[in-house]
Amino acid sequence: MDGIDGKNSRDALVSGNHTLRDEIREYWSDRAATFDQDPGHRIAEGPETEAWRALFCRHLGAGEGRRLLDLASGTGEIARLCQGLGYAVTGLDWSEPMLARARAKLPGVTFLQADAECTMLRDASMDVIVTRHLVWTLVDPAAAFAEWHRVLVPGGQILLVDGDFVSGGWLARMVSCLRGGSSVRDMSRHRKILSQVHFAQGARAEAVAGMLRQAGFVDLRIDRRLGAIHRAQMPQLGWRKSLLRRTEHRYAISARKPDRGA
Ligand SMILES: C[S@@+](CC[C@H](N)C(=O)[O-])C[C@H]1O[C@@H](n2cnc3c(N)ncnc32)[C@H](O)[C@@H]1O
């Protein structure tokens, strides 16, 4: 693959004009209809919503009408949470079936169809960027982080919630084999995609934080205190997924774009 840049070489791994990006988008589009029913996606009212609110407030402070971009907004669960926290929310996803569900759920929120690695948004047009469960599946995270830095205002904040869903120990592998929910076809598509993305070996918090730093972000904080969220999810996750979740390397990372002139 000498002479081909990272993005193109990964895209070229998929035959013809059908790229890895197309494959990822189609995978999520096919999952849109049942996404909210799969345990761990929909944020339940009550303790789970409170636990997510606590995480977001701990890193971002109060919403106070600030412009927030929810990247890879899916069915709009994080957008809904952030709207409840007082942000002026814009959602962005590249899957039309996901966007249709988010728009039906949150008629007052603008949802845009675009690639999170190339948003088409104006420079310095957002005060806050958040994203849950996108980073692990990015084809070119360095390009994505540079793009998010461009879109934020000086002093703007970012909060990523993600995890390494690959390199768990024997317990994670065992529980993952036992887990229900996804069809065998979904699981094999998921595995195929995962083997080709940048974080094929798992998106470790330290590696993601290092790339954010390289993109120009400062004041990085890695937060592994997601226990309250996972405990609140127990009733919908069931014991297998709940056990798996506690064995996985899951985290939030917050950071800031430096102030103008800093
Ligand atoms: C695991 S779902 C997460 C949805 C939502 N963030 C949540 O936490 O409920 C992943 C979402 O990311 C979207 N996605 C993945 N890569 C993307 C990209 N490069 N640009 C835009 N959306 C992307 C998919 O379409 C899907 O809706």
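Structure values in brief
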quantity	calculated
Spatially close lysines, pair count over the chain: Cα under 27 Å, gap of eight or more or interchain	4
Rounded percent of accessible protein surface that carbon and sulfur make up, region 3-256, 1.4 Å probe	54 percent
GNM result for the chain, Cα springs below 10 Å: residue of Leu237, Leu152, Leu138 fluctuating most strongly	Leu237
Whether the chain is rounded, prolate or oblate, judged on the alpha carbon gyration tensor where a/c under 1.5 counts as rounded	rounded
Accessible area of region 3-256 divided out per residue, in Å², using a probe of 1.4 angstrom	45 Å²
Table column - 3J(HN,Hα) (Hz), region 69-86, Karplus curve with 6.51, -1.76, 1.60, x for Gly and Pro	9, 9, 7, 6, 5, x, 7, x, 5, 6, 4, 5, 4, 6, 4, x, 8, x
Candidates Ala33, Ala203, Ala88: whichever shows maximal mean-square fluctuation once the chain is modelled as a Gaussian network with Cα springs under 10 Å	Ala33
Within region 45-120: Cβ-based charge dipole about Cα centre, in debye rounded to nearest 20 (Lys, Arg +1; Asp, Glu -1)	240 debye
Value at 222 nm in deg cm²/dmol, rounded to 500, when DSSP H runs of n ≥ 4 in the chain each add -39,500 (n - 2.57)	-14000 deg cm²/dmol
Residue-by-residue Karplus 3J(HN,Hα) for region 146-151, coefficients 6.51, -1.76, 1.60, Hz, glycine and proline x	5, 5, 5, 4, 4, 6
Residues listed by number, region 227-255, amide nitrogen under 19 Å from Thr34 label point at 7 Å toward C-beta	236-242
Given charges at beta-carbon only (K, R positive; D, E negative), |dipole| of region 91-135 in Debye	280 debye
GNM top mover of Asp219, Asp70, Asp115 - the chain, alpha-carbon springs below 10 Å	Asp219
Per-residue ³J(HN,Hα) for region 30-40, Karplus 6.51 cos²θ - 1.76 cosθ + 1.60, θ = phi - 60°, Hz, x for Gly and Pro	5, 8, 4, 4, 10, 4, 5, 7, 6, x, x
Given charges at Cβ of Lys, Arg, Asp, Glu: the chain dipole, positive-most of Leu194, Pro47, Ile129	Pro47
Zone of Glu64's modelled label, taken as backbone nitrogen in region 216-233 under 18 Å from a point 7 Å along Cα→Cβ	none
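The values are calculated or read from the model by the stated rules, or taken from the named source; none is laboratory data. Keep in mind that this is a model prediction, so the values were computed, not measured. Glycine also receives a Cβ, built like all others from the backbone with ideal geometry; neighbour counts cover every protein chain displayed. Remember, those area values only see protein heavy atoms, side chains included, never the ligands or the DNA or RNA. Shrake-Rupley method; radii C 1.70, N 1.55, O 1.52, S 1.80 Å.
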